[in-house]
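Participant: Below is a structure I'd like to ask you about.
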Amino acid sequence: DTEVTQTPKHLVMGMTNKKSLKCEQHMGHRAMYWYKQKAKKPPELMFVYSYEKLSINESVPSRFSPECPNSSLLNLHLHALQPEDSALYLCASSQDPGRTSYEQYFGPGTRLTVT
Amino acid sequence: AQSVTQLDSQVPVFEEAPVELRCNYSSSVSVYLFWYVQYPNQGLQLLLKYLSGSTLVESINGFEAEFNKSQTSFHLRKPSVHISDTAEYFCAVSKRGGSQGNLIFGKGTKLSVKP
């Protein structure tokens, strides 16, 4: 199984809502990532989890709150988002956090629209 | 710091024609090189990667890329494209021995294959 799954596929939320994005992988990977991708742009790294601990936060606003409940799951909790946060949110995983030679496996993404 | 330049934002070609998508990188240290493909409304998939050894690497669907250290390039080629190759292609680098979040993407090249 070389798949990263993400739910939901689409999400529309108001600026006062609280919602969560979910990501799951069963490849035994110990690094998991959240990226934000705007239209016609490359993915921008938001967070990295290494062995279930947050290791990188790329100065992301606190309205985005990541959580890694176990080695297979990664959540992104959303609260009080702004319309400019509308984007495709991609989850990825890689085998060994300490080795940059390992490729990242990406999920299909959650298309988020903030109204 | 590393950086990646994809010289063409869009490449339109006719079906069965050859194509080259250009990628140049800048780094003061040794890097690993990757090409990812993103089909419409999907996440990124690894197409091929260069870690070491032979400078020519191939993918299972007919793409190949050649690492050229002197020109700091990793151009992607295919001798005959199909309609199904229409997608966004991202070149990416990571620093050897770097941290797990250190995957730097180019801005992407949109390949449009016309019948």
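Participant: Please compare each pair in A:38/B:69; A:36/B:69; A:19/A:40; A:22/B:110 to a cut-off of 27 Å on the Cα-Cα distance and tell me which ones are over it.
Facilitator: A:38/B:69; A:36/B:69; A:22/B:110
Participant: Can you run phi through the Karplus equation (6.51, -1.76, 1.60; θ = phi - 60°) for the stretch A:107-115 and list ³J(HN,Hα) in whole Hz, with x for Gly and Pro?
Facilitator: Working through the residues one at a time gives x, x, x, 10, 8, 9, 10, 9, 10 Hz.
Participant: Work out the FRET efficiency for residue B:70 and residue B:1 from their Cβ-Cβ distance, taking R0 = 22 Å, and round it to the nearest 0.05.
Facilitator: 0.60
Participant: Here is a further query. I'd like the isolated cysteines in the protein assembly as shown, meaning no second cysteine's beta-carbon lies under 4.7 angstrom from theirs.
Facilitator: Here A:68 come out as lacking a disulfide-compatible partner, given the Cβ-Cβ threshold of under 4.7 Å.
Participant: What do the square roots of 5 times the Cα gyration tensor eigenvalues come to for the protein assembly as shown, in whole Å, largest first, as semi-axes of the equivalent ellipsoid?
Facilitator: 30, 21, 15
Participant: Here's something else I'd like to know. Among B:29, B:93, B:19, which one shows the highest mean-square fluctuation when chain B is modelled as a Gaussian network with alpha-carbon springs under 10 Å?
Facilitator: Per the Cα network of chain B with a 10 Å cutoff, B:29 tops the list.
Participant: Further question on the same structure: Rounded to the nearest angstrom and ordered from largest down, what semi-axes does the equivalent ellipsoid of chain B get from its C-alpha gyration tensor (root of 5λ)?
Facilitator: Semi-axes, largest first: 24, 14, 12 Å.
Participant: For the stretch A:36-102, count the residues as N, evaluate 2.2 N^0.38 Å, and divide the Cα radius of gyration by that value, please.
Facilitator: Here the answer is 1.17, to two decimals.
Participant: About the Cα centre of chain B, how large is the charge dipole given +1 on each Lys and Arg Cβ and -1 on each Asp and Glu Cβ? Please answer in debye to the nearest 20.
Facilitator: With only Lys, Arg, Asp and Glu charged at Cβ, the dipole is about 420 debye.
Participant: Full-extension gain between residue B:58 and residue B:80, please, as 0.36 nm times their residue separation minus the C-alpha to C-alpha distance.
Facilitator: Result for the pair: 6.5 nm of gain on full extension.
Participant: Restricting to chain B, compute how many DSSP beta bridges are antiparallel as a %, nearest 5.
Facilitator: Antiparallel bridges: around 90 percent, rounded to the nearest 5.
Participant: Hey, if you put +1 on the Cβ of every Lys and Arg and -1 on every Asp and Glu Cβ in the protein assembly as shown, which of A:26, A:72, B:50 ends up farthest toward the positive end of that dipole?
Facilitator: A:72
Coordinate-derived values only; no laboratory data. All of these numbers come straight from a predicted model, not from anything done at the bench. Cβ coordinates were reconstructed from backbone atoms using ideal geometry, including for glycine residues, and neighbour counts include every protein chain displayed.
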